[in-house]
Structure formats: structure tokens, C-alpha cells
There are 2 protein chains.
Amino acid sequence: MNKKQAQIESHHFPWDHPRFRSWIAVARACQLMQQTLTRRLTHLDVKPPHLDILVNLYRFDGITQQELARKLLVGRSNMSMLLPQLEKRGLIERRGDARDKRVLRLSLTSAGRTLTEEAMEIQTALIENSHGGEPIEDCVKVAESMERIIATLLKEDDLAAGG
Amino acid sequence: MNKKQAQIESHHFPWDHPRFRSWIAVARACQLMQQTLTRRLTHLDVKPPHLDILVNLYRFDGITQQELARKLLVGRSNMSMLLPQLEKRGLIERRGDARDKRVLRLSLTSAGRTLTEEAMEIQTALIENSHGGEPIEDCVKVAESMERIIATLLKEDDLAAGG
DNA sequence: ACAATTATGTTCATGGTTGAACATTAGAAA
DNA sequence: TTTCTAATGTTCAACCATGAACATAATTGT
């Protein structure tokens, strides 16, 4: 009898494992949060992917497309698709770097900064709201858990990329 | 001075709020987990969306496309796109219900069940692995937090749908 | 200096997801 | 019954995301 059969026959389905159930809940919460945020941002004509970009430009002015992609955990090509849209809307600027002619340095325009502040308020309100009465300390503990998981997964990523 | 300006000028950026930071960590962890799972499932030619479907058919045999979509928090059209693929691969079956000629009842084939078990082992292993030394009790607390958030967001969803 | 390697950004084909419009069927109301 | 309403599944166009292939530029090795 192999391991799989033992699992099945003793009713140890994945969804009986506490960690599995926990993670499914995390994933579902993320999905719902994303969908709700999408709805609340419609009137600004901004979607979560755009907001992620805008917020990072708000924090890190002059960042590079590559750096931005890394922070967002997406591919470079994704930035190449989305950034021109935001540029055409006059929300961001892309200026070539004088020293390194490969890179494009990104920054928010005045309009972009205003829009970002509006959108961030919506996002913050949604998060505060949906967390209802969760004690701050609990959130901090969740954050610590997640950071550890992120670290583990990033280590795996390095292995995959390096091997 | 309005609220937004007060926030900005006193350096209360969103990323300074514990709940905001916590949620960003959750979102990033989810994203990384999804990407890692995608890589680990490639050799089975299965992607997370497919696996979600398969696991739910594994648990709930004879489920309807609509019910499945609801469980997965996706639109019906999504199921209409994905299910025929799995059917063509011989992993699932769709049989019309005799009493209600609108619905299609879904079930795994033998091959589908086998593949699902393989994939679930990979997913379970990834979750256990990435959670490293997180105590089970912490995971349970995280799950409870997430369930509360899910409940809150679902209530909002109902309001949005009902209004 | 020259060649090879690495890094940045773009393009393209593919695939998942959505919402709106549609057809069919069930169920409720008249 | 007949009509109206609601539910189920499909199709379609649009969008985001990805990875591979490519072009350009910087860096390293010889």
C-alpha cells in the first residue's frame, strides 16, 4: 500500500489537513478581496493591476520597469503591456536614463498622484472595513506568518531560477 | 485641510497601517504560492484553475456547473470555457440531468480521479512545505481570521447583487 | 579592441477571466 | 393554459498575464 492509498483510505483528504484548509481560506479571501476592490475602483477606471503599479510609483519614484516587475512578482512583458496605457492616460511618465540607455525610469504625473491617492483611500478603507474587528495584533501575526511563507517560496524561486 | 491631506502630511501612508501591510503580505504570499504551484503542476499539464475544478469534482460528485462556479467564486462563463477542455482530455464527464434539462451534472472519470489525486499530493506537499515550521494552531487562527473576512466580503457581495 | 555574456525592454502567440447578450428550460403568476 | 420571470449554460469581445524570441545596450573576459 503506497502513501496515496493510505491517505485516501484513512480519510486523510487534503481538506482534512488544518494547513490545507487554512490556505484555501487565505486564497479565497484574496480572491474575494480582489473582486471587491475591482468593483470599488471601477468609477476611477482603475483595476488592481494598475493600482499596484501606481502605488509602487508613488512610493518609489524613478523606479525602473524591471525593478517594478520584480516588486509586483510579474514578468517584464506585463509591464511593457500595461505601462503604455497609463502613460497615454497621462498618469505616468517614462524617461530614458542618461547613464544606462536601456532603462526607462518611471514617475507619476501630478494627475497620476492625485488618482493614486484617491484609489489608495478606497483600498485602505476596504481593507479596514473587511477586517472588521480583527485585533491589530492578530493582523501582525498573520503578516509574520505570511512573510515567512513568502521567504520560503522566494528561496524556492531562486533555486528554480539558479538550477 | 481634508482627511487625505492630513493622512499624507502626517506620514500616515497606507503602507504604514498594520492591517494594510498585513494584507499586502497575504496577497503576495497567495501570488507566489499560485506561481509555484503552477510550476509544480506543469508536468501533469494541469494549472491551478483546472486543479480547483478537479478537486471540487472529487469532493462533490454530480455537482452542477453553476454550483461549481459559485464554489470557485468565478463566473459561469468561465466554466463553460474550461470544462469542455477537461472533458476532451477524458478527465471529466458532463451528463444532462433528467429532471432539469438545463443543468449539466459533472463527475470525474477514472483517469480524472487518478490525476486529481496526483495533483492534490503536489499541492498538499507544497502547502506543508512552504508553511515550514508554522504551528498548526497559528494556521487555525489564520483560517479563522480569513473566514471572518470572507464572510464580511460575501455580505458585501450580496448587497451589491441585491441592490 | 573584440567577442561573449548579461541585462532591459518590446513583440507576439497563447491562455485564463470577465461581463454582456443570447437561447433554452423551469417555475410562478395571471 | 398562457405569460412573465428566474435560472442554467453558451458565445463573444475585451483584458490581464505569461513565456519565448527578439533588439538594443552594458558588462565582462580575452
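The values are calculated or read from the model by the stated rules, or taken from the named source; none is laboratory data. Predicted model only: the values in this text are computed from it and were never measured. Note that each Cβ is placed from the backbone with ideal geometry, even for glycine, and that neighbours are counted across all protein chains shown.
Taken residue by residue, region B:76-97 has at least one member that is assigned to a helix (DSSP H, G or I), at pLDDT 95 or above, within 14 Å of another protein chain (Cβ to nearest Cβ) and within 15 Å of DNA strand C (Cβ to nearest atom). For region A:98-123, filtered to residues that are in contact (Cβ under 8 Å) with a residue 24 or more places away in the chain and within 11 Å of DNA strand C (Cβ to nearest atom), the residue that is nearest to the other protein chains (Cβ to nearest Cβ) is A:106. Identify, from the list B:72, B:108, the residue that is within 16 Å of the chain's Cα centre (by Cα), crowded, with 18+ Cβ neighbours inside 10 Å and not assigned by TED's automatic domain parsing to the domain that holds residue B:154. Exactly one of B:72, B:108 is within 16 Å of the chain's Cα centre (by Cα), crowded, with 18+ Cβ neighbours inside 10 Å and not assigned by TED's automatic domain parsing to the domain that holds residue B:154, namely B:72. For residue B:59, the conditions (1) within 8 Å of another protein chain (Cβ to nearest Cβ); (2) in contact (Cβ under 8 Å) with a residue 40 or more places away in the chain; (3) over 24 Å from residue A:38 (Cα atoms) are fulfilled apart from (2). Against the test of being assigned to a helix (DSSP H, G or I), more than 19 Å from the chain's Cα centre (by Cα) and outside the structural domain of residue A:56 (by TED's automatic domain parsing), the options A:137, A:118 yield a single qualifying residue, A:137. Here is the figure for region B:62-73: residues that are within 11 Å of DNA strand D (Cβ to nearest atom) and either within 14 Å of another protein chain (Cβ to nearest Cβ) or part of a helix (DSSP H, G or I) (or both) total 6. Checking each residue in region B:25-50 for being away from every other protein chain (no Cβ under 11 Å) and either farther than 30 Å from residue B:84 by Cα or aliphatic (A, V, I, L, M) (or both) picks out B:41, B:44, B:46.
Among residues of region B:13-24 that are facing chain A (nearest Cβ under 7 Å), those with a Cβ under 7 angstrom from a residue that is outside any helix (DSSP H, G or I) and at pLDDT below 90, sequence gap 6+ or separate chain, pair up as B:19/A:131. Within region A:124-157, the set of residues being more than 7 Å from chain B (Cβ to nearest Cβ) and surrounded by 19 or more Cβ atoms within 10 Å (Cβ to Cβ) comprises just one member, A:126.
Looking only at residues in region B:36-55 that are away from DNA strand C (no atom under 13 Å from the Cβ) and surrounded by 14 or more Cβ atoms within 10 Å (Cβ to Cβ), the one that is farthest from the chain's Cα centre (by Cα) is B:40.
Restricting region B:56-69 to residues that are over 17 Å from residue B:111 (Cβ atoms) and of a type in the set (A, V, I, L, M, F, W, C), which is surrounded by the most Cβ atoms within 10 Å (Cβ to Cβ)? The residue in question is B:68.
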